[in-house]
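Trainee: Supplied in structure tokens, the structure appears directly below.
The values are calculated or read from the model by the stated rules, or taken from the named source; none is laboratory data. Computed from a prediction, not measured in an experiment: that's the story for all the values here. Positions of Cβ are generated from backbone atoms using ideal geometry, with glycine treated the same way; all protein chains shown enter the neighbour counts. Areas reflect the complete protein model, heavy atoms only, side chains present, ligands, DNA and RNA absent. Shrake-Rupley method; radii C 1.70, N 1.55, O 1.52, S 1.80 Å.
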There are 2 protein chains.
Amino acid sequence: MTEGRAVEELVVGVLGGTGPQGRGLAVRLAAAGQRILLGSRDADRAAEVAAEVATRASAAAGGVEVSVQGGSNADVAGAADLVIVAVPYAGHAELLAELATPLAGKIVVDCVVPMGFDELGAYVLDVPEGSATQQAAALLPDSHVVGAFHHLSARLLEDLSHPTIDGDVMVVGDDRASMDTVQALAGRLPGMRGIYSGRLRNARQVEALTINLVSVNRRYKVHAGIRVTDV
Amino acid sequence: MTEGRAVEELVVGVLGGTGPQGRGLAVRLAAAGQRILLGSRDADRAAEVAAEVATRASAAAGGVEVSVQGGSNADVAGAADLVIVAVPYAGHAELLAELATPLAGKIVVDCVVPMGFDELGAYVLDVPEGSATQQAAALLPDSHVVGAFHHLSARLLEDLSHPTIDGDVMVVGDDRASMDTVQALAGRLPGMRGIYSGRLRNARQVEALTINLVSVNRRYKVHAGIRVTDV
């Protein structure tokens, strides 16, 4: 579905696109010229948010037309070339199990962080498969599952008054061609790079490091990200 | 033992100081003016490496005298004010169990990464306590255990021809005063900062991210580290 096509030509679907992380990725990618399909459980809500995202992305891009459309998660999974999964972990397994058929043959980028909160702050939720990304791979045996976009602050993604974001996107997976595509997609976010960061079996700590960034944010009153040095 | 004392005054012990990570930390800290006790199973070997580290650190510091002495791990644990644990994970639990008494009341900084290698590369070793740092805390109930210094390339630490290193030190722990001291110690490494990065229960992913950096290093032929952005 994506083979041989330049990343700029791909229609990117965002499941959970009405949540902060999904919406933030959608608006930044749309402003960079990517065609976006924004998915939600509620197709009407997705259409509303898509219209609002399109308006903001177009303004940030200097008034050029952008393409952002909304739909149900299932419709988006079927119509997009590459799909980003940005739903809460609580609904992750159920949603992906339902969408295995429309997602077959596609690159699926998981950015879900299994995270709980208690009186001591944030902590890692144990995932039977090891990580959300590995869970996605187990549920989507016919898709190319890649983990990425975990460490990006939704607040910074949404704040288009800052044209660039200081940070990298760590990309994990077992399929090099799919990872190359996701790294190129990450590189379309101004200021960011997609960095090859190892195999699927090493996804857990990439996801979970987001929890440490939550602690950094609380302590320093910032929106922390990660830059990989010497690359 | 460290209360009320400036970090510059502390004698820093490095257990496993003849290994690449320990030796790299020792030479950089010594060059920055920190008094160092370098420990090894073999006290004679520790003394040899300490003399070599002192010579290099002094040269890097423009010829000023530096203080680096070698000894057995047990002697170093007893004599130092603050102790960095830089031994291979295979010997981690056994060594710390033996040294609980001399380490009591002290800040113990664990930088050990539980890492295995197979034909697919590096992977995370499961630690019954959750992480090496939590294992240290369980074995040293009377010490102040902090996790730090995982993401620093031994090669870059050792290469004093580059006066600074581009990267941060993520510091995890449950005792804020000890973490402040370790953050200040990290800040003595030129170019680096010690960043508060959450509680002990979130140590695992900080340790394990080192494994992803091994993949980055192999892919890009670099010595990768981590910079926390927006701080």
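Trainee: With just the Cα atoms defining each centre, how far is the stretch A:116-161 from the stretch B:112-144? Give it in Å.
Mentor: 23 Å
Trainee: If packing is taken as the average count of other Cβ atoms within 10 Å, what order do B:146-152, B:31-37, A:158-164 fall into, highest mean first? The partial results should precede the final answer.
Mentor: Values: B:146-152: 27.0, B:31-37: 22.0, A:158-164: 12.0.
Listed from highest to lowest mean packing, they are B:146-152, B:31-37, A:158-164.
Trainee: Whole number in Å², please: accessible area per residue of the stretch A:1-91, 1.4 Å probe, ligands, DNA and RNA not counted.
Mentor: Accessible area per residue: 42 Å².
Trainee: For a test of the definition: using alpha carbon positions, the gyration tensor, and the 1.5 limit on a/c, classify the stretch A:1-100 as rounded, prolate or oblate.
Mentor: Verdict is oblate for the stretch A:1-100.
Trainee: Give me the percent of DSSP beta bridges within the protein assembly as shown that run antiparallel, rounded to the nearest 5.
Mentor: Just about 25 percent of them are antiparallel.
Trainee: Starting from the Cα of B:Ser67, step 7 Å toward the Cβ, then list every residue of the stretch B:21-56 with an amide N under 11 Å from that point.
Mentor: B:34-37, by backbone N distance to the label point.
Trainee: Give the carbon-plus-sulfur fraction of the accessible surface of the protein assembly as shown in %, rounded to a whole number; probe 1.4 Å, heavy atoms of protein chains only.
Mentor: Exposed carbon and sulfur together represent 50 percent of the surface.
Trainee: With θ set to phi - 60° and the Karplus curve 6.51 cos²θ - 1.76 cosθ + 1.60, what are the ³J(HN,Hα) couplings of the stretch B:97-107 in order, to the nearest whole Hz, using x for Gly and Pro?
Mentor: Computed from phi, the couplings for the stretch B:97-107 are 4, 5, 9, 4, 5, x, 8, 4, x, 9, 7 Hz.
Trainee: Between copies, how close do the A:Pro141 label points come, placed 7 Å along Cα→Cβ, listed in nm from shortest?
Mentor: From this label point to the equivalent ones elsewhere in the assembly: 4.8 nm.
Trainee: Does chain A come out rounded, prolate or oblate by the C-alpha gyration tensor, with a ≥ b ≥ c the root eigenvalues, rounded set by a/c under 1.5 and, if not, prolate when a/b is larger than b/c and oblate if not?
Mentor: Rounded, since a/c falls under 1.5.
Trainee: At A:Glu8, with labels set 7 Å past Cα in the Cβ direction, how many nm apart are the copies from this one, shortest first?
Mentor: Its label point is 5.5 nm from the equivalent points in the other copies.
Trainee: Give me the accessible area of B:Glu129, 1.4 Å probe, in Å² rounded to the nearest 10.
Mentor: Result for B:Glu129: roughly 70 Å² accessible.
Trainee: Which of A:Phe149, A:Ala136, A:Gly167 sits farthest toward the positive end of the charge dipole of the protein assembly as shown, with +1 on the Cβ of Lys and Arg and -1 on the Cβ of Asp and Glu?
Mentor: Positive-end residue among those listed: A:Gly167.
Trainee: Quick check: the distance between the Cα centres of the stretch B:24-94 and the stretch A:203-231, to the nearest angstrom?
Mentor: With the stretch B:24-94 and the stretch A:203-231 each reduced to a Cα centre, they are spaced 31 Å.
Trainee: Distances from A:Ala100 to the same position in the other copies: list them in nm, one decimal, shortest first, using label points 7 Å from Cα along Cα→Cβ.
Mentor: Distances between equivalent label points, in nm: 4.8.
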